[in-house]
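Colleague: I'd like to ask you about the structure that follows.
What follows is calculated from the coordinates using simple rules that are stated; it is not laboratory data. Because the structure is a prediction, the values reported are computed rather than measured. Here the Cβ is made from the backbone with ideal geometry for all residues, glycine too, and neighbour counts use every protein chain on show.
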Amino acid sequence: MPVRNYTYYDYTLSLCPKCLKRIDAKIVFEDDKVYMLKRCPEHGNSKVLIADDIAYYKNSRNYNKPSETPYKFNTKTDYGCPYDCGLCPDHEQHSCLTVIEITDRCNLTCPTCYAGSSPFYGRHRTLDEVKKMLDSIVRNEKEPDVVQLSGGEPTEHPDFFEILSYAKSLPIRHLMLNTNGIKIAKDKDFVNELKKYTPDFEIYLQFDSFEDDILKELRGAHLSEIRKQAIANLNEVNLSTTLVVTLQKGLNDHEIGKIIDYALLQKCVRGVTFQPTQIAGRLQNFNPETDRMTLTEVRRKILEQTAIFNPDDLLPVPCNPDALVMGYALKLAGEVFPLTRYINPNDLLDNSKNTIIYEQDEQLKGKMIDLFSTGNSVEVAEENLKSILCCLPHIDAPHLGYDNLFRIIIMQFIDAYNFDVRAIKKSCVHIVDKDYKIIPFETMNLFYRDDKKARLKVLRNEIKF
Ligand code: SF4
Ligand code: SF4
Ligand SMILES: [Zn+2]
């Protein structure tokens, strides 16, 4: 009897990367890898690598927890996912992190930029518009977990500090500034001014490579000195910083370990977030056939390139397990220990297991889920960690502070290639749009950003009710 050369695992809806039509997709296992097989009636068959670790891929399905929804939805579910963003009532996770793009303008023109920013593109949102956008986040979330000021380059906005002050006046738990660091490197007074917005304020700093040639390819400029100076200035005032690394296969993925080692030595740095390039917006030095990188490949490289973490330390995040991996380490007296050496969150988070030693302790389990959640800053995590350590009498670390915690995140944003309607509904990183809707980060860059909306209109018109 003929036998297929793969094992059929699941079925979902995806998108044709050419025409963005919703099409059927099979998830299959072949050669120890996970692939998506799709067929567009117009553009034919395609096969996309979505993970290179079957065990991890299957295990991530066990990390679901009941969805938390926003207090308010902004659209109706009419055309079907992903054509109704949003958030429409069919969405399965509230905004753990909401991005607000206060300007389209940037002082760089990176060859890789999902927002297509440049010094001349678009405009700054007015102060009034920005306030309304922030208000709409608060309307949806009441007390938003994390709001990230972004752009373009937000520090270029003429009303930047007014915006920061207004955001601070709202019941937002944690505020982040997403920046390329040029202003931070060049202007110490600016950094001192930023420091006044702490606590619950953090810098999300673009940091892709140590090598100027690579930075030139990704960012269009030699930025390595700028990066070093920015870190020096942030260290000086100990302003909490997460390094954000956009990863491209064969370009900078050999630097993962080096970046983690460097980050661990910087006083101000609380963690590193790795983001494989999303195929969206301006993407000049990138071939989707060869340069796409999956979440499991990044995880594997972290394990290969550092001695700190082992596979049990880097776990799916329960609010959006397909897209996010998280790992915590403690920095104690010059040494680094993954949190999971003390406690196995796998046992606590994995709903499929029923032989959990801590299972009776629902309180502890809840705290662990809080710790491993996207809508959490390292600052908030410190509180959770302290309370977890109290529950475990054999751990003696009474003087743990914010400076002792270090967090690794892998954040893979779905694009048209690996789009999975099952997973997109759990997206928890959202963008507040110019029309005050709240759109998942991934679908924003595919359908809802400026010039993308025309295609969405055509696709909607083709849908028959
Ligand atoms: S991605 Fe979410 S908000 Fe958008 S259409 Fe799908 S369920 Fe609705
Ligand atoms: S990627 Fe960031 S720094 Fe580069 S052009 Fe876009 S907004 Fe500016
Ligand atoms: Zn097509």
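Colleague: Can you figure out the FRET efficiency of Arg39 with Lys434, using R₀ = 51 Å and their beta-carbon distance, to the nearest 0.05? Working shown, then result.
Modeller: Details: r = 35 Å, r/R0 = 0.69.
About 0.90, to the nearest 0.05.
Colleague: Give me the distance between the Cα centres of the range 83-154 and the range 241-277, rounded to whole Å.
Modeller: So the two Cα centres are separated by 23 Å.
Colleague: Restricting attention to the range 105-141, which chymotrypsin sites (Phe, Trp or Tyr not before Pro) occupy a DSSP loop and are surrounded by at most 11 other Cβ atoms within 10 Å? Intermediate results must be reported in sequence, preceding the final value.
Modeller: On the way: sites: Tyr114, Phe120, Tyr121; in loops: Tyr114, Phe120, Tyr121.
In loop regions of the range 105-141 (DSSP not H, G, I, E or B), the sparsely surrounded chymotrypsin sites (Phe, Trp or Tyr not before Pro) are Phe120.
Colleague: Given 0.36 nm per residue, what is the gain on full extension from Thr12 to Lys453 after removing their alpha carbon distance, in nm?
Modeller: Details: separation 441, 0.36 × 441 = 158.76 nm, distance 2.42 nm.
That pair, Thr12 and Lys453, stretches by 156.3 nm at full extension.
Colleague: Consider just the alpha-carbon atoms of the chain and return their Rg together with their Dmax, both in angstrom.
Modeller: 21.5, 74
Colleague: So which helices of the chain fit the span-like rule, where a helix is a whole DSSP H run, its Cα atoms reach 20 Å or more along the axis, and its mean Kyte-Doolittle is at least -0.5?
Modeller: Values: long enough: 127-141 (21 Å, -0.55); 224-237 (21 Å, -0.44).
Helices meeting the criterion: 224-237.
Colleague: Estimate the FRET efficiency between Glu236 and Gln284 by the formula 1/(1 + (r/R0)^6), using the beta-carbon distance for r and 25 Å for R0, to the nearest 0.05. Don't jump to the answer; show the numbers that get you there.
Modeller: On the way: r = 35 Å, r/R0 = 1.41.
It comes to 0.10.
Colleague: So, in nm, how far is label Asp31 from label Thr198 when the simple model puts each one 7 Å beyond its Cα toward the Cβ?
Modeller: 4.9 nm
Colleague: Can you pull out the trypsin sites (Lys or Arg not before Pro) in the range 410-465 that DSSP calls coil and that have at most 10 other Cβ atoms within 10 Å?
Modeller: Details: sites: Arg422, Lys425, Lys426, Lys434, Lys437, Arg449, Lys452, Lys453, Arg455, Lys457, Arg460, Lys464; in loops: Lys425, Lys426, Lys434, Lys437, Arg449, Lys464.
In loop regions of the range 410-465 (DSSP not H, G, I, E or B), the sparsely surrounded trypsin sites (Lys or Arg not before Pro) are Lys464.
Colleague: Return Thr103, Thr294, Thr126, Thr109 ranked ascending by Cβ neighbour count within 10 Å, so the fewest neighbours appear first. Can you show the working numbers first?
Modeller: Details: Thr103 26, Thr294 22, Thr126 11, Thr109 17.
Ordered from fewest to most neighbouring Cβ atoms within 10 Å, Thr103, Thr294, Thr126, Thr109 come out as Thr126, Thr109, Thr294, Thr103.
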